[in-house]
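**Student:** This is the structure, below, for whatever I ask next.
No value in this document is a laboratory result; all are computed from the given coordinates. Keep in mind that this is a model prediction, so the values were computed, not measured. Note that we place each Cβ from the backbone using ideal geometry, even for glycine, and neighbour counts take in every protein chain shown.
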């Protein structure tokens, strides 16, 4: 069985490498981390991932249009951000998860595993906010 592919878009270098290492150690194949939107979009065009972990802003560029494209192509999205406008994300992406930085690696792995259930079924729950509490923007 092939490893699921996780696309990571994160503009904070250390956070991107940490996410990449976490996903690799959990048995996933990683595309990225990409620190800008054009690179992440190009990677998606070349190879469809099984899931994407996206920072909401990549160098002041909001990733919402990219997230919409991923979701339209049936690629689940997990937002991972320190500046998480939860109400906005919940309204715009009701099926996406939202994890606040810093989020413990074990929590990220758990959310990825739940999102990539073998039967492909998504829980019909409200979006999840994990990690530390942050103010909405």
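**Student:** Sort 31, 10 so that the residue with the fewest other Cβ atoms within 10 Å of its own Cβ comes first and the one with the most comes last. Walk me through the intermediate numbers first.
**Tutor:** Values: 31 21, 10 24.
Lowest to highest Cβ neighbour count: 31, 10.
**Student:** Which value, in nm² and rounded to one decimal, describes the direction-averaged projected area of the C-alpha convex hull of the stretch 1-57?
**Tutor:** 3.6 nm²
**Student:** Okay, next question. How do 90, 20, 81 rank when sorted from fewest to most other Cβ atoms within 10 Å of their own Cβ? The partial results should precede the final answer.
**Tutor:** On the way: 90 15, 20 19, 81 22.
In increasing order of surrounding Cβ atoms, one gets 90, 20, 81.
**Student:** Using a/c under 1.5 as the rounded threshold, could you call the stretch 5-130 rounded, prolate or oblate? The axes a ≥ b ≥ c are square roots of the C-alpha gyration tensor eigenvalues, and prolate needs a/b larger than b/c, oblate otherwise. Show your work: numbers first, answer last.
**Tutor:** On the way: a/c = 1.15, a/b = 1.07, b/c = 1.08.
The shape class here is rounded.
**Student:** A further question follows. Suppose the chain between residue 87 and residue 109 were pulled fully straight at 0.36 nm per residue; how much longer would it get relative to their current alpha carbon spacing? Numbers along the way, then the final one.
**Tutor:** On the way: separation 22, 0.36 × 22 = 7.92 nm, distance 2.38 nm.
5.5 nm is the gain from fully extending residue 87 to residue 109.
**Student:** I want to make sure I understand the PRE zone here: with the label point 7 angstrom from the Cα of residue 25 toward its beta carbon, which residues in the stretch 61-91 have backbone N atoms less than 20 Å away?
**Tutor:** 80-81
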